[in-house]
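Notes to accompany the following structure.
The values are calculated or read from the model by the stated rules, or taken from the named source; none is laboratory data. Everything numeric in this text was worked out from a predicted model, so none of it was measured. Every residue, glycine as well, gets a Cβ built from its backbone with ideal geometry; the counts of neighbours run over all protein chains shown. With ligands, DNA and RNA removed, areas are computed over all heavy atoms of the protein, side chains included. Shrake-Rupley method; radii C 1.70, N 1.55, O 1.52, S 1.80 Å.
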Amino acid sequence: MESSDGKYHDVVCPADEQNIAQIAWATAADTQKTLKAAQKGFEYWSRLQVEERIAWIDKLRNTIIDNSQLLRESIMYEMGK
């Protein structure tokens, strides 16, 4: 997601102080936009049948498993461990 004011924040690995990523620095307007999207998403989610929710959660689970190595490395570098 882009920041509405174009500002970014460096993610620094505490182990070696290397910049490992840049993330958008959210403004108050960005936060409100995200909150409204989450509320809209909740409304949609709450109308889904249980079977559809299960299918989405299963898809999320499989995506996490498929990307587990990348997720582990990202956490490792961010935490510096």
If you fit an axis through the alpha-carbon atoms of helix 50-66 and take the longest principal axis of the Cα set of the chain, what angle between them do you get, 0 to 90°, nearest 10?
20
Of SER74, TRP56, GLY6, which is farthest towards the positive pole of the chain's charge dipole, taken about the Cα centre with +1 and -1 on the beta-carbons of Lys, Arg and Asp, Glu respectively?
TRP56
Counting Lys and Arg as +1 and Asp and Glu as -1, what is the net charge of the other residues whose Cβ lies under 15 Å from the Cβ of SER3?
-2
Cβ under 14 Å from PRO14's Cβ, PRO14 left aside: what net charge do those residues give with Lys, Arg +1 and Asp, Glu -1?
-3
About its Cα centre, what dipole magnitude does the chain give when the only charges are +1 on Lys and Arg Cβ and -1 on Asp and Glu Cβ, stated in debye to the nearest 20?
380
Once the dipole of the chain is set up from charges on Cβ (+1 Lys and Arg, -1 Asp and Glu), the residue from the list ALA26, TYR44, ALA15 lying farthest towards its positive end is TYR44
Nearest 500 deg cm²/dmol is fine: what mean residue ellipticity at 222 nm does the chain get from its DSSP H runs of n ≥ 4 alone, each adding -39,500 (n - 2.57), divided by its residue count?
-20000 deg cm²/dmol
Compute the long axis of helix 28-47 from its Cα atoms, compare it with the longest principal axis of the Cα atoms of the chain, and write down the angle in degrees, 0 to 90, nearest 10.
30
Skip the ligands, DNA and RNA, and give the accessible area per residue of region 16-58 with a 1.4 Å probe, whole Å².
89
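How large, in percent, is the carbon and sulfur part of the accessible surface of the chain at a probe radius of 1.4 Å?
The C+S portion of the solvent-accessible surface of the chain is 58 percent.
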